[in-house]
1. Using Cα pairs under 8 angstrom and six or more residues apart, how large is the relative contact order of the range B:122-178, in percent?
2. Please compare each pair in A:43/D:98; B:53/B:92; B:83/B:155; B:92/B:155 to a cut-off of 21 Å on the Cα-Cα distance and tell me which ones are over it.
3. Taking only Cα atoms, what is the 0 to 90° angle, nearest 10, from helix B:55-77's long axis to the longest principal axis of chain B?
4. If each DSSP helix of 4+ residues adds -39,500 (n - 2.57) and the sum is divided by the residues in chain B, what number results at 222 nm, nearest 500 deg cm²/dmol?
5. Given the C-alpha centroids of the range A:18-97 and the range D:108-135, what is the distance between them in whole angstrom?
6. So what's the gap between the Cα centers of the range A:150-207 and the range D:185-223, to the nearest angstrom?
7. Within a 10 angstrom radius of the beta carbon, how do B:144, B:82 rank from fewest other beta carbons to most?
8. Count, for each residue of C:40-47, the Cβ atoms from other chains sitting within 10 Å of its Cβ, then give me the mean as a whole number.
Amino acid sequence: MTMRLVAENLSCERGGRRVFSDLALTLEAGRALAVTGPNGVGKSSLLRVLAGLVQPASGSIRIEDGDPELSAGEHCHYYGHLDALKPALSVLENLDFWTSFLAPGRTGARWQPMTPIEALEALGIDHAGDLPAAYLSAGQRRRLALARLLVVARPVWLLDEPTSALDAASEARLGELMSDHLAAGGIIVAATHQTMPLAEVGTLRLEAPA
Amino acid sequence: MAILDLANPTRFLALSARLLPWLAAACVIAFAVGLYMTFFVAPDDYQQGATVKIMYLHVPAAWLAMMCYSVMAISSLGTLIWKHPLADVSAKAAAPIGAAFTLISLITGSLWGKPMWGTYWVWDARLTSVLVLFIMYLGLIALWRTIEDPIRAGKAAAVLTLVGAINLPIIKFSVDWWNTLHQPASVIRMDGPTIHPTILWPLLVMALAFTLLFFVMHLMAMRNEILRRRLRTMQLQAASARVGVATPQAAE
Amino acid sequence: MTEFLELGPHAGFIIACYVVTLVVIGALFVWILADGSRLRARLAAMEAQGVTRRSARARSADARESGS
Amino acid sequence: MSGWMGALFLRELRLSLRVGGGALIGVLFFLAVITVIPFGVGPDLNLLALIGPAVLWIGALLATLLGLDRLFQADRDDGSLDLMLMAGRPLEVLVLVKCLAHWVGTGLPLVLSAPVLSIFLNLEPLAIGAVALTLLVGTPALTLIGAIGAALTVSLRRGGLLLAVLVVPFSIPVLIFGVSASGAAVTEPTPFLTPFLLLAALTLISAVVGPVAAAMALRFSSD
């Protein structure tokens, strides 16, 4: 029984406005889903609902064959618009903190998280390891936030505009990391406008109500 | 040697490197002479006895506290009006030194007050305005520490320093304006000092020693500040050195 | 030396004043020295990593042109 | 288990001490409040000695409350709060660790500076010791109660003052016992121990109520 992310007749309201309603999706391990649609249609809200940050108005989310004690949200990495970085701390201090703070989502043997140094090398910012995060450029900051996904093992990646502020080389690098994640049995849900740097991706198009 | 020659940090570093040993030597000699005169030459006060020796620390420290603030006020003018590149470096370097001298004058004053006035602290015009000066020093240091970009921090601190400069005349003339317990001015006066020379000379030598000490520490702190800014620019550069995957040679 | 010893009834306060002054100035002096050496060390480390300052790079560029 | 708590504590402490952090600002605010009081109340030393403990306690209360509005807001602004909510760590313990780090960064300097400031208020050594001891035991309660206000106002743009208004009523018992304990140390008949032990009890209670209420408020705050 492979692991599956299942959401049934999900609806979400924010500030009294119905953002989306009776949405259903099922994703097996190794599958990726791109959520597309015009701005403000609720792509980010969907990710935040899946992450457990926002209570859905109705419907349920569950991880089949995941870790029973953990909630659905604790299986997920959330990579939002904000980088969650402290400018006063150095790059390594930031990453080391998240490494020891975030509880791993799956302790399966096949799933080995990287060490902070390896993660920085994988994203090409290891030269800035000891520099304060304040001195990083926007693209480097995004890559440092991405490094957080590599250092803690969580099966589901919720990515909000993952390719924004990344240059071509970094985008290709991201594509490799995502395919490695899928190959190792992970799940990816990405809200994005551009095409995903991945081979085959399912798409979910959110439509504004007629 | 117009002030502009000093504008270039590298030339300032070279110049201060040559100047510092002489200044330090002069400062040590001044302190030696001053302390010798304080303990062996100056007579005891007929009322206070030996406790008058505290004056040789308290008065120079208070003078230095105010002189240091004046240096910061002038530097602030340099930052805001003449746009002198080293002005905010000088202001930032002088702040901790000024705070230290103010602290010394407050503590020695309070320790002198216990035997003489019977209490460590009394809310008297002179003491209170010096305490306000101490809070302003700490406020300036805090302001420097909260604004990340040194240029913006320099301008903000310059404005605050100039606004705070109003406090200096209040301290100087507080003893005359309000009937205070504190000793009225007896050295820098319109009609000349009213102290006996044997007590005055050690005081002047100690004041000279303190002033030299200030310049030594101020120059050293300014050098540190220049190095700190260089380090910051190099760190900024290091972060962006290998933005893409290109190697440094290709970028050269 | 006799003059030095009898500091009168309030000797404690006098000595306290000189000790406080020594401590405060000493602490400030040591902090400035430590700050300076820490900065020089980190600058040296930066230089070792091959990060050069604009003016330094400009100088080396001139040297290369004039040299070659 | 203690790995993540240690990491969080160190991070919070490091952030408050570095440039831009708010660690020693509380002491400066405390010094400013103590300096201003005699300008209003007048320089009469006996009067100041009488109201000394109360002035020190009110100064500490204000310094703590006004330093608390960035406790959660800083993390919310840069996105860390979302990740903390998803970190799979007990939120109540997370709030407790953050309060402890905030207290070490802001509260402890207040306690250490209180004896120095009481010289300005002409307190005798006994009163100075009593005020310092009661502040040592009482200020954690102020931080823990203030954390509830900080969690409630985390999503507001200018939550700082509202936080103080919300939380002052809960901190009144701490203030009463703090001041009466430090006052009792000086005036002979009244015992010092009873108000002091009640103060300690209040701190322990707020160590439970604070984190639980703040965690609940944080869960509702994310939208």
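Each value in this text was obtained by applying a stated rule to the coordinates, not by laboratory testing. Since the model is a prediction, treat every value here as computed from it, not as a measurement. Cβ: placed from backbone, ideal geometry, glycine included. Neighbour counts: every protein chain shown.
1. Averaging sequence separation for qualifying contacts and normalising by length gives 54 percent for the range B:122-178.
2. Long pairs (Cα-Cα over 21 Å): A:43/D:98; B:53/B:92.
3. Tilt of helix B:55-77: around 40 degrees.
4. One gets -25000 deg cm²/dmol as the mean residue ellipticity at 222 nm.
5. 50
6. That distance is 47 Å.
7. With the sparsest Cβ surroundings first, the list reads B:82, B:144.
8. Taking the mean over all residues of the peptide, I get 3.
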